[in-house]
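Engineer: Got a structure for you, written out below as structure tokens; questions coming shortly.
The values are calculated or read from the model by the stated rules, or taken from the named source; none is laboratory data. Keep in mind the model is a prediction, meaning the values are calculated, not measured. Virtual Cβ from ideal backbone geometry, glycine too; neighbours counted across all protein chains shown. Each accessible area value is taken on the protein alone, full model and side chains, heavy atoms only, with ligands, DNA and RNA left out. Shrake-Rupley method; radii C 1.70, N 1.55, O 1.52, S 1.80 Å.
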Amino acid sequence: MRYGIVLFTSDRGITPAAAARAAEDNGFHSFFVPEHTHIPVKREAAHPGTGDASLPDDRYMRTLDPWVALATAAAVTERIELATAVALPTESDPITLAKTIASLDHLSGGRVLLGAGFGWNTDELTDHGVPAGKRRTVLREYLEGMRALWRDDEAEYSGEFLSFGPSWAWPKPVRRNVPVLIGAGGTEKTFRWIAKSADGWITTPGETDVTDRLALLQQIWADAGREGAPRVVALDMKPDAQRLADWAAAGVTDVLYGLPDKPEDQVRAYLERLAAKLAVPAGEGH
């Protein structure tokens, strides 16, 4: 089981570049950042954590662009995986986004992972022209079109929300693909979507009892004819040896820990303590 870091980016505290470099120095495997383009002040969508229009953290309205943030991280690291938890691809033009992600993957030596969400904030999606009832369909089509651009020398795609004729688009990602994980509640509906259109699952905050859900995901994955096992990234608060052992046995492949919204010296000290608790080999990155 690998360990990673998620930084809830903002225009305060440690920068993504400094955080990613500190995480790599302390042996962590991956570095994740989130995405929100904006938060409509007046909205009908309730936050899944609070149950109403209030936000549990004001960084929701202050997040940095994830791909700019990861590009700065790529420039000062060598090994750590560069990822999102989660990005919202339906809030971008998919052809442009495919180029951005492919460019980052090319320049970083194949280190990019796309963690994507369907989007809890349907008012935010509406401002981007995404019908709330079609957000899963839009994401599926966008991912299919982006994969065509990453994979094919002459790519094309035709769908309800995305269509383009035969096209050239370089650079290609190093693997001619970028792994996609879906961050969403662990329901049968979500797992069937993942088995059809993604490579794994990112748990949502507060989902700690995931053993039974992982058994369902693995069964759906196998029934869909997918080879191997899905990658499963679990969000954790504080290390607990028994819980980590149970997760590993159940099929969790990665565990993420959040960083405090504090200056670099304090974040580095936190990462050193966390790495010691997890017995992460310092300086190995992967």
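Engineer: Within the stretch 20-62, count every residue that is at positive phi and free of Cβ contacts under 8 Å to residues at least 60 places away in the same chain.
Structural biologist: Number of matching residues: 1.
Engineer: Now for a separate question. Which residues, counting only those in the stretch 194-210, are over 12 Å from Ala85 (Cβ atoms) and modelled with pLDDT under 95?
Structural biologist: Gly206, Glu207, Thr208, Asp209, Val210
Engineer: Next up: Taking the stretch 1-37, which residues are among the charged types (D, E, K, R) and either closer than 19 Å to Lys277 by Cα or more than 17 Å from the chain's Cα centre (by Cα) (or both)?
Structural biologist: Arg2, Asp11, Arg12, Arg21, Glu24, Asp25
Engineer: So the check is Cβ under 7 Å with 6+ separation or different chains; which pairs have a first residue in the stretch 217-241 that's within 16 Å of Thr190 (Cα to Cα) and open to solvent by 40 Å² or more (accessible area, probe 1.4 Å) and a second one that's among the hydrophobic types (A, V, I, L, M, F, W, C) and part of a strand (DSSP E or B)?
Structural biologist: Listed by first residue and then by second, the contacts come to Arg231/Leu181.
Engineer: Tell me whether the stretch 269-284 contains one or more residues that are part of a helix (DSSP H, G or I), open to solvent by 40 Å² or more (accessible area, probe 1.4 Å), over 30 Å from Arg135 (Cα atoms) and touching a residue at least 12 places away in the same chain (Cβ under 8 Å).
Structural biologist: Within the stretch 269-284, one or more residues are part of a helix (DSSP H, G or I), open to solvent by 40 Å² or more (accessible area, probe 1.4 Å), over 30 Å from Arg135 (Cα atoms) and touching a residue at least 12 places away in the same chain (Cβ under 8 Å).
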